[in-house]
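> Dropping a structure here in structure tokens format, bear with me for questions.
The values are calculated or read from the model by the stated rules, or taken from the named source; none is laboratory data. Here the structure is a predicted model, which is why all the values come from computation and not from measurement. Here Cβ is always computed from backbone atoms with ideal geometry, including for glycine, and neighbour counts include all displayed protein chains.
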Amino acid sequence: AAPANPSSKAAGPNGGAGQGYQAQGPVGAKGTTGAPASPALPGNTAYDLSLEHPRCIFQLMKKHFSRYTPEMVSSITGIPTEKLNKAWDMYTSVRKDGDMKKVGTIIYSVGWTQHTFGSQIIRTAAMTQLLLGNVGRAGGGVNALRGHSNIQGATDLAGVFDILPGYLKVPNPSDTDFQTYITRITPKPSKPKEWDSFNYWSNTPKFAVSFMKAMYGDAAKKENDWAFNYLPKIDRKYSWVELWDGMYAGKVKGLISFGMNGVAIGPNSEKNIDALKKAE
């Protein structure tokens, strides 16, 4: 509901494209494509709960997507307009006459994610669910179906490099004690008044203590900082994105890959092919 910066071109002909995208080149220090990091929200962000402000994100989005008439979508997808309208009417019927008792879910798999514009598809699904009020409610959301445990399971069970169980961020060397750590990783509300911002992750300190107790039991006490010094600290990112970028840069010399196709799942297949050519 926050008004956008007037200099934004979000509703222009090419609005929505990833600004700062680079076809090739090294990943930035923060794991970005070289685009500057998003600035932190000001302490009292302007917002319009009526969603009527002309620069409100909702209004800009309506303007941006107004070009996608049934006829245009049909020409892009090859689906007849009558079938498109039937599908749209069926899915949005959960909100018919303002009914909030029902909920809709979107279930997808790698057919979406590994599409040539998979990121756009997943983002659109999330936007659709948010607009329909299908997020944060039992039976709703955008839910991935995975054929093997090293994807969704790795995320939920913290088999990836950057999270601990419970989706807690991994400590880094600057986190010298538990309080410093939770201060860094706990999201701050975008609006100052309680309940103006539904900041569920404000409970992060509680989650972190529960995790430490689950890990170290009676050895984790308030008096010893919940045994925080036992946790390893990582000094950089170790995702497959950085590893493949390191191979492209000649720093990673070899690769053993199983359960994945590193060329197909990345956003830039040509770069990943070139990275493989540089491996020894």
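> When you look at residue 248, is it farther than 26 Å from residue 109 by Cα, within 20 Å of the chain's Cα centre (by Cα) and among the hydroxyl-bearing types (Ser, Thr, Tyr), yes or no?
For residue 248, the condition - farther than 26 Å from residue 109 by Cα, within 20 Å of the chain's Cα centre (by Cα) and among the hydroxyl-bearing types (Ser, Thr, Tyr) - is not met.
> Scan segment 108-115 and give yes if some residue there is loosely packed, with under 13 Cβ neighbours inside 10 Å, under 30 Å from residue 185 (Cβ atoms) and in contact with a helix residue (DSSP H, G or I) (Cβ under 9 Å, 6 or more places away or on another chain), otherwise no.
No - not one qualifying residue is present in segment 108-115.
> Which is more than 17 Å from residue 160 (Cβ to Cβ), modelled with pLDDT of 90 or more and not assigned by TED's automatic domain parsing to the domain that holds residue 172, of 221, 206, 251?
After applying the criteria, what remains is 251.
> I would also like to ask the following. Tell me, which helices (runs of 4 or more DSSP H) wholly within segment 49-148 include 1 or more residues that are modelled with pLDDT under 85 and out of contact with any Asp or Glu (no Cβ under 7 Å at 6 or more places or on another chain)?
110-113
> So which residues in segment 254-280 are hydrophobic (A, V, I, L, M, F, W, C) and either modelled with pLDDT under 90 or touching a Pro at 6+ places or on another chain (Cβ under 6 Å) (or both), if there are any at all?
Within segment 254-280, 255, 256, 258, 260, 263, 264, 265 meet the criteria.
> Let me ask you something else. What number of residues in segment 86-104 are exposed (fewer than 13 other Cβ atoms within 10 Å of the Cβ) and polar (S, T, N, Q)?
Number satisfying all stated conditions: 1.
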